[in-house]
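S.K.: One structure, as structure tokens, below. Some questions next.
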Amino acid sequence: MAEALNGTFKAESIELHGPWRDADQVERAAAQWVCWHNTERLHSALGYLPPEEFEVRHHRSQAPSKTA
């Protein structure tokens, strides 16, 4: 899974938006991509939800329900 994620990152960010001036520029681009990937990018394996939203829904479903 990690290799697949690395490949996606390289294809969607590094190769698509280069060439890069320096390591700082790559670091900023990587941070932006990770934020976008976790909060906006839809993932078919997660029911077409971004990972952050999937995680929130998962934790809500695991919480004990409040019954009267």
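The values are calculated or read from the model by the stated rules, or taken from the named source; none is laboratory data. Because the structure is a prediction, the values reported are computed rather than measured. Positions of Cβ are generated from backbone atoms using ideal geometry, with glycine treated the same way; all protein chains shown enter the neighbour counts.
S.K.: Within the bounds of segment 30-39, is there any residue that is out of contact with any strand residue (DSSP E or B) (no Cβ under 9 Å at 6 or more places or on another chain) and either in contact (Cβ under 8 Å) with a residue 40 or more places away in the chain or among the basic types (Lys, Arg) (or both)?
M.R.: Within segment 30-39 (the criterion being out of contact with any strand residue (DSSP E or B) (no Cβ under 9 Å at 6 or more places or on another chain) and either in contact (Cβ under 8 Å) with a residue 40 or more places away in the chain or among the basic types (Lys, Arg) (or both)), the answer is no, since none of the residues qualifies.
For every residue, the table says whether it meets (1) at pLDDT 95 or above; (2) on the phi < 0 side of the Ramachandran plot; (3) under 14 Å from the mean Cα position of the chain (by Cα).
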site: PHE9; (1), (2), (3): no, yes, yes
site: PRO19; (1), (2), (3): no, yes, no
site: GLU27; (1), (2), (3): no, yes, no
site: ALA30; (1), (2), (3): no, yes, yes
site: HIS43; (1), (2), (3): no, yes, yes
site: GLU52; (1), (2), (3): yes, yes, yes
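S.K.: Give the residues of segment 19-41 that are of a type outside the set (Lys, Arg), surrounded by 12 or more Cβ atoms within 10 Å (Cβ to Cβ) and in a loop (DSSP other than H, G, I, E, B), sorted by residue number.
M.R.: Across segment 19-41, the qualifying residue is only TRP20.
S.K.: I would also like to ask the following. Is segment 47-57 home to any residue that is of a type in the set (A, V, I, L, M), assigned to a loop (DSSP other than H, G, I, E, B) and without any contact (Cβ under 8 Å) to a residue 60 or more places away in the chain?
M.R.: No, every residue in segment 47-57 fails to be of a type in the set (A, V, I, L, M), assigned to a loop (DSSP other than H, G, I, E, B) and without any contact (Cβ under 8 Å) to a residue 60 or more places away in the chain.
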